[in-house]
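Single-structure report; data block below.
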Amino acid sequence: MSTRGDMAAGLKTTLQRVLIPVAMALVVGGLILLVLGKDPLDYYGFVLQRSLLRWGGAQETVTRMAPLLLIAAGLIVAFRAGIWNLGGDGQFLLAAVASAALAPALAADLPRALNLVVCMIVGALVGALWSVIPAMLKARYGINEIITTLMMSFLGTSLANVLIKLVLRDPDTTVPQTRSLGVDDRLPRLFGTTIHSGLVLAILAVILVHLMMTRTAFGLKLQVLGANRAAAVHAGLRVERLTIIAFALSAGLIGLAGAVEVLGVWGSVRADWNPAFGLLVVPLVFLARFNGYAVIGFTLFFSALMVGGESAARRVGVPQHYVLVLVALLLLFLALVEYLDQSRRKPSAA
Amino acid sequence: MINDATQAGQSTEAPRGAPIAVAALRQVTKRFPGIVALDRVSLEFHAGEIHVLLGENGAGKSTLVSLLAGMQRPDEGEIVIGGLPVVIDSPRRSMDLGIGAVFQRVLLVPSLTVIENLMLGGSWLRSLARGAALRRFDELSVLLGTRIDPDAPVSGLSLGEQQQVEIMRALWRDEKLLLLDEPTSMLTPQGVADLGRMMRRLKEKGVALILVTHKLLEAYEFGDRISVLRLGKVAGDIEPQRLQTMSEAERTETVIRLMFGAADAGAVPDKGHEGELAILLGRKLRRANSVDRSKPATLSARALVTMPDFAETPLHAVSFELWAGEVLGIAGVDGNGQKHLAEVLAGQRSLRQGRLELAGSDITWGRVPERRQRGIRYVTDDRLGEGTVGTFSVATNLVLKEIGALPFWRHGISDWPLIHQSAREQILRNDIRTTSELTPVGKLSGGNVQKVLLARELDAEANVAILNKPTYGLDLHNQRLALDRIVAAAARGVAVIVISTDLDELLEISDRVGVMFQGSLAGIVENDDDAGGKVRRLMTGAAAE
């Protein structure tokens, strides 16, 4: 339970528990680069320069945060409620395809703002719809949602491809993709940058989710469900209904992420496009301990690594997915610092 | 079951006269973070003697048992077996040394047969030698005077029989030293009598027995030597010779003095410990009987039936009535449907058939929130499993069943300052020992977790309170506090149901006592002077008079 008093007291230790692992991950990651015969300073410097110091890179980094933040918001709802929604990729892609198909079709008839709102709502609904089967199975029969959401995710990504190739294909292009939404009909840009307004929506969503989880009765009910299901039953919470609502909210926010990415950045969806953000965000949410504000920081960090890492990898000559090695190291060290901290504290506390 | 005629069986007969120390602790200290569980404890355990370890919860009894059973290692001091210092670094080593342990909970595999369970301890590589195992089984059956079918599945045995199998397993390798950790807590009176006979047979065969208990009467009945532990130290011993010459009053005075410290010497039993004493002795602190049953009943249950659930006895046409200000005790051996009864009344479990009425109106289909709103409260026995969320603060747990309701939530928005302020008041009023209202409830001691639950459930709006094993696992002081709060609630006019396996406790506080047997209410008796006898008969399944 986090309250203002808690947060102020815990801020220092929280910072320590985050900054130390980050530093350790960067150092060990650098050592691995050294072993591979690459210059770690060169790599990190290039990542930093491309992702944050150069204006174009910085805009790209911040733009990348929008879908990640929305997915994180969705995962916070699920994880806090003790639900492992690992089907984010399917929910994201199907919502992206739905909004990509709808937006150009409605663009002629609807005003821009209304069109965007309708498409985002449809995206969220499609995402939520794709979680209905795992949600019902979990609520009614207690079937493990890790398995069912992953399975639905495979089905969802495949279905998205099938839809693009067979049903929604733009006949004017050679590569199978949906019809493109004109740049003027996309989400408006902010202050003459390339950053679209979906970012504002995403930050709002994360903050609202955080407030919902910590300041409302509904959020507390979800937390009780997540922390101790038997206690939720004992306290008379409607466990089935809460489970289904948590699933729908989670998948809806992830669907919204798909819609925002299409409406803000791409304008269309190509066949076989799958950024796989859904699973990438999972460790970030854990790093942030389901805290909405902390998630914003971690998402910025991760976006910078992603954007900078893509070009830095090409330049230094390491695989592009080296970024994931850093994230994995970060998780390991975070757990390690946490463990050491707790075992150090125990004797004095008890 | 007991066969005293056959005294055969292999003999590790102890020479009479001078007692031999089978095992000894020398200056043993064991620390856990923040506490010294055992502080330079020296004890000797003799062949052919039942050595009772008496003490409150937290006195160090269980730690001592776990050291001998090889589950913990001492920080300082040594354990001596047969005259030689040994290191007991695993339960297997403990068994190799001839030490067998029987714990409070049954640790058998229910789906396997008796003989299969007994063969489980063998080495990995050896094939299961059924013939040899059966021979040993027969030997032990004669030794203990038990008659159990070796091929019966454990799940079909009564708890008493399961405990006999546990004792066989403890003696399987050798029969030097047998540890019994609160062995009577789950037994019927008949089962306790059988266990007593079994212990005496083993004693005659020269086995050293250690009986851990917090019940004074058991200590007198079975013990040859009594050692009292207090705060990790041996507060004192009563030698066999002395024990035999003392009157019961003298014994009690000595033990009470040892258990509660020398400060109380001469003033025993003083006012401060009268309540604890009542629990120790199973004496009645009867309260004035003033229930008016001429009015309509507050709660009436008619032919309640539940669906069978995994490993739980369902209800089978349970009917009773409960009046305001009354305490109805529900006795019975654990697992005879008590949990279903409590959950059905609380609204946590749905009925298959039957009808529930509260003050004349039908509440059969009301769920937990509706019933709670009408004043029905449930204190579960599974305090950390379902009663609280261990990682949440004391404050949150105090309002766990009110989430979303006024005054702590307005339009669904949490008023944390108000929740915390109210929690601070509750903590003061109920003497909950916690560093603050923000402390996770899982960090509190069992007694304080129970205080949180009692504060949450026995509030001013309570009409009907169901308490499942309200004193289970608490030390004497907290048992007393819990019982006092229950009696106080009844005095305020709350209709109370107390489910417990501890009959003495029920006889102390109840107006009537009902007995659950195999999912039915075998009978309800008025708590008069011979209620104890009637209840015991009902517990064994004998028909109600």
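The values are calculated or read from the model by the stated rules, or taken from the named source; none is laboratory data. Since this is a predicted model, take the numbers as computed values, not measurements. No Cβ is skipped: glycine too gets one built from the backbone with ideal geometry, and neighbour counts run over all protein chains shown.
Find the strands (runs of 3 or more DSSP E) located wholly in the stretch B:14-85 whose residues include 3 or more that are buried (at least 22 other Cβ atoms within 10 Å of the Cβ) and either outside the structural domain of B:G473 (by TED's automatic domain parsing) or modelled with pLDDT of 90 or more (or both), and list them.
The strands (runs of 3 or more DSSP E) meeting that bar are B:21-32, B:35-46, B:49-54.
Of the residues A:R270, A:R229, which single one is in contact (Cβ under 8 Å) with a residue 40 or more places away in the chain, within 14 Å of chain B (Cβ to nearest Cβ) and not hydrophobic (A, V, I, L, M, F, W, C)?
A:R229
Looking only at the stretch B:133-175, filter to residues that are small (G, A, S) and in contact (Cβ under 8 Å) with a residue 60 or more places away in the chain; which one of those is nearest to B:V192 (Cα to Cα)?
Filtering the stretch B:133-175 for residues that are small (G, A, S) and in contact (Cβ under 8 Å) with a residue 60 or more places away in the chain, the one nearest to B:V192 (Cα to Cα) comes out as B:G145.
May I ask you to verify whether B:V333 is closer than 25 Å to B:R537 by Cβ and either surrounded by fewer than 23 Cβ atoms within 10 Å (Cβ to Cβ) or within 14 Å of another protein chain (Cβ to nearest Cβ) (or both)?
Yes: the conditions hold for B:V333.
Mind listing just one residue for me: the one in the stretch B:380-424 that is assigned to a helix (DSSP H, G or I), charged (D, E, K, R) and closer than 30 Å to B:S500 by Cα and, of those, farthest from the other protein chains (Cβ to nearest Cβ)?
Going through the qualifying residues, I end up with B:R383.
Please state which one of B:G160, B:G196 is closer than 21 Å to B:E218 by Cα, modelled with pLDDT under 80 and in a helix (DSSP H, G or I).
Selected residue: B:G160, the only one of B:G160, B:G196 that is closer than 21 Å to B:E218 by Cα, modelled with pLDDT under 80 and in a helix (DSSP H, G or I).
Would you mind stating whether A:D184 is under 30 Å from A:W55 (Cβ atoms), at pLDDT below 95 and not aromatic (F, W, Y)?
yes
Of the conditions (1) away from every other protein chain (no Cβ under 14 Å); (2) basic (K, R); (3) under 27 Å from A:I121 (Cβ atoms), A:R238 satisfies every one except a single condition; which number is it?
(1)
Which members of the stretch B:457-480 meet the condition of being out of contact with any strand residue (DSSP E or B) (no Cβ under 8 Å at 6 or more places or on another chain) and either buried (at least 19 other Cβ atoms within 10 Å of the Cβ) or not in a helix (DSSP H, G or I) (or both)?
B:A460, B:E461, B:T471, B:Y472, B:G473, B:L474, B:D475, B:L476, B:N478, B:Q479, B:R480 - these are the residues of the stretch B:457-480 that are out of contact with any strand residue (DSSP E or B) (no Cβ under 8 Å at 6 or more places or on another chain) and either buried (at least 19 other Cβ atoms within 10 Å of the Cβ) or not in a helix (DSSP H, G or I) (or both).
Is there a residue in the stretch A:284-296 that is away from chain B (no Cβ under 14 Å), polar (S, T, N, Q) and within 30 Å of B:S445 (Cα to Cα)?
Yes, there is a match, as at least one residue in the stretch A:284-296 is away from chain B (no Cβ under 14 Å), polar (S, T, N, Q) and within 30 Å of B:S445 (Cα to Cα).
I need every pair where a residue in the stretch B:406-421 that is not assigned by TED's automatic domain parsing to the domain that holds B:A395 has its Cβ under 7 Å from the Cβ of a residue that is modelled with pLDDT under 95 and polar (S, T, N, Q), sequence separation at least 6 or different chains.
Short answer, once both residue conditions are applied: none.
Can you tell me which residue among B:E175, B:E182 is modelled with pLDDT under 80 and under 17 Å from B:A69 (Cβ atoms)?
Residue meeting the stated conditions: B:E175.
Just checking, how many residues over the stretch B:490-504 are farther than 18 Å from B:S185 by Cα and out of contact with any strand residue (DSSP E or B) (no Cβ under 6 Å at 6 or more places or on another chain)?
Final tally of qualifying residues: 3.
Taking only pairs six or more apart or across chains, which ones have beta-carbon atoms under 6 Å, a first residue in the stretch B:64-92 that is at positive phi, and a second residue that is outside any loop (DSSP other than H, G, I, E, B) and not aromatic (F, W, Y)?
So the pair list comes out as B:G70/B:P91; B:G70/B:R93; B:G70/B:S94; B:G77/B:R26; B:G77/B:Q27; B:G77/B:V28; B:G77/B:T29.
Would you confirm, using the coordinates I've provided, whether B:S294 is closer than 24 Å to B:A531 by Cβ, at pLDDT below 85 and not acidic (D, E)?
Spelling it out, B:S294 is indeed closer than 24 Å to B:A531 by Cβ, at pLDDT below 85 and not acidic (D, E).
Does the stretch B:206-216 contain any residue that is in contact (Cβ under 8 Å) with a residue 60 or more places away in the chain, aliphatic (A, V, I, L, M) and assigned to a loop (DSSP other than H, G, I, E, B)?
Checked against the condition, which is being in contact (Cβ under 8 Å) with a residue 60 or more places away in the chain, aliphatic (A, V, I, L, M) and assigned to a loop (DSSP other than H, G, I, E, B), the stretch B:206-216 yields at least one hit.
Can you tell me how many residues in the stretch B:297-323 are touching a His at 6+ places or on another chain (Cβ under 8 Å) and among the aliphatic types (A, V, I, L, M)?
Result for the stretch B:297-323: 2.
For the stretch B:366-379, what are the residues that are within 11 Å of chain A (Cβ to nearest Cβ) and either touching a Leu at 6+ places or on another chain (Cβ under 8 Å) or not polar (S, T, N, Q) (or both)?
B:G366, B:R367, B:V368, B:P369, B:E370, B:R371, B:R372, B:I376, B:Y378, B:V379
Test each condition in (1) polar (S, T, N, Q); (2) touching a strand residue (DSSP E or B) at 6+ places or on another chain (Cβ under 9 Å); (3) over 20 Å from B:L398 (Cβ atoms); (4) crowded, with 23+ Cβ neighbours inside 10 Å for B:Q450 and report the one that comes out false.
Looking at each condition in turn, B:Q450 falls short on (3).
Evaluate the following for B:N448: is it in contact with a Lys or Arg (Cβ under 9 Å, 6 or more places away or on another chain) and within 28 Å of B:W323 (Cβ to Cβ)?
So B:N448 fails the test.
Identify, from the list A:A66, A:A105, A:A98, the residue that is touching a residue at least 12 places away in the same chain (Cβ under 8 Å) and surrounded by fewer than 24 Cβ atoms within 10 Å (Cβ to Cβ).
A:A105 is the lone residue from the list that is touching a residue at least 12 places away in the same chain (Cβ under 8 Å) and surrounded by fewer than 24 Cβ atoms within 10 Å (Cβ to Cβ).
If only one of B:K215, B:K203 is surrounded by fewer than 21 Cβ atoms within 10 Å (Cβ to Cβ), at pLDDT below 85 and not assigned by TED's automatic domain parsing to the domain that holds B:V255, which one is it?
Answer to the selection: B:K215.
Could you check, for the stretch A:150-159, whether at least one of its residues is surrounded by 12 or more Cβ atoms within 10 Å (Cβ to Cβ) and under 19 Å from A:A108 (Cβ atoms)?
No, the conditions are met nowhere in the stretch A:150-159.
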